[in-house]
């Protein structure tokens, strides 16, 4: 059985020869990874297989692209119908579709077409809470604009826009930070105090947990409430061709943050944010009998950075592992 060090060396050798076992190889063949998904290889005769059998337009489920009507239920209904049909594509067409968090499913491509915008609601009440990770700690958080847990074969693509309308969230963060400071809550572990403008940590734009075979491609992502793209405990992830732009003074708007992830390729992205552009994380503080998984086999290539605290960083969440965990996984992280 190969050791972790040998596996890492083999991964880097295969990458150098263009044969690394990363999702990008599958991307060239089809939009989703693994087995073909209905809707991505449709018969040529539309009469034999209507488009609606494979592609689910959110307007058909009641979504209205006027930028004012809350479309969360309609868009979620399209996603759930696609999953019930054993996979396919959900389409957000041209228009401005106001929404709260959408929970993605396996074997699905979620595409925002050119001219289409998924507009995050600025009403905090539109965001349910969930168990997640924030700044390296497992805790209750607001669900994110596009959220997934335990998924396989999922793509988030298109030439459209994800707009988080982050200004209200940033303002609430600053007021909450002032309240924490006045109460002497200087460390990250304590929850926000009662009466704070932010009860829970802010949403991300894309936040996936424990998912495998993930493609995120082509979108423009702007004004995120906090981190933009945050995969956690994911494996075989390809992130390419994104444009991520947030104001230079927007707090905690890290661009792409793989967190305890394995086999990740990030390429051909433009990132300009109020925090780190690309940052690799693996948990904040070691908890007995609950070791955080390392990040490993991560490649960053051909990216351009604008504003930001760093181009590519490691940390600030890099939890030390216990001696037993180190024996199981000698390599904490690898990036280039």
With respect to residue 131, determine if the residue is closer than 18 Å to residue 157 by Cβ and surrounded by fewer than 17 Cβ atoms within 10 Å (Cβ to Cβ). no
Would you pick out the residues in the range 90-107 that are over 11 Å from residue 146 (Cβ atoms) and under 15 Å from the mean Cα position of the chain (by Cα)? 105, 106
Residue 252 fails exactly one of the following numbered conditions: (1) crowded, with 20+ Cβ neighbours inside 10 Å; (2) in contact with a strand residue (DSSP E or B) (Cβ under 8 Å, 6 or more places away or on another chain); (3) at positive phi. What is the number of that condition? (2)
Taking residue 87, is it at pLDDT 90 or above, under 21 Å from the mean Cα position of the chain (by Cα) and under 23 Å from residue 145 (Cβ atoms)? yes
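Among the candidates 228, 213, single out the residue that is surrounded by 20 or more Cβ atoms within 10 Å (Cβ to Cβ), more than 24 Å from residue 136 (Cβ to Cβ) and in contact (Cβ under 8 Å) with a residue 40 or more places away in the chain.
Numbers: 228 fails: more than 24 Å from residue 136 (Cβ to Cβ).
Answer to the check: 213.
Condition check ((1) closer than 19 Å to residue 226 by Cβ; (2) surrounded by fewer than 24 Cβ atoms within 10 Å (Cβ to Cβ); (3) at pLDDT 85 or above; (4) in contact with a strand residue (DSSP E or B) (Cβ under 8 Å, 6 or more places away or on another chain)) across all residues:
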| site | (1), (2), (3), (4) |
| --- | --- |
| 275 | yes, yes, yes, no |
| 281 | yes, no, yes, yes |
| 287 | no, yes, no, no |
| 300 | no, yes, yes, yes |
| 308 | yes, yes, yes, yes |
| 313 | yes, yes, yes, yes |
Hey, can you tell me all the residues within the range 222-237 that are within 11 Å of the chain's Cα centre (by Cα) and more than 15 Å from residue 148 (Cα to Cα)? 227
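Is it the case that some residue within the range 25-33 is at pLDDT 90 or above and either over 27 Å from residue 236 (Cβ atoms) or assigned to a loop (DSSP other than H, G, I, E, B) (or both)? Working first, answer last.
If we filter the range 25-33 for residues that are at pLDDT 90 or above, which is where we start, we get none.
No.
The values are calculated or read from the model by the stated rules, or taken from the named source; none is laboratory data. Keep in mind it's a predicted model, so treat the numbers as computed, not measured. Reconstructed Cβ throughout: ideal geometry from the backbone, glycine too, with neighbour counts over all protein chains shown.
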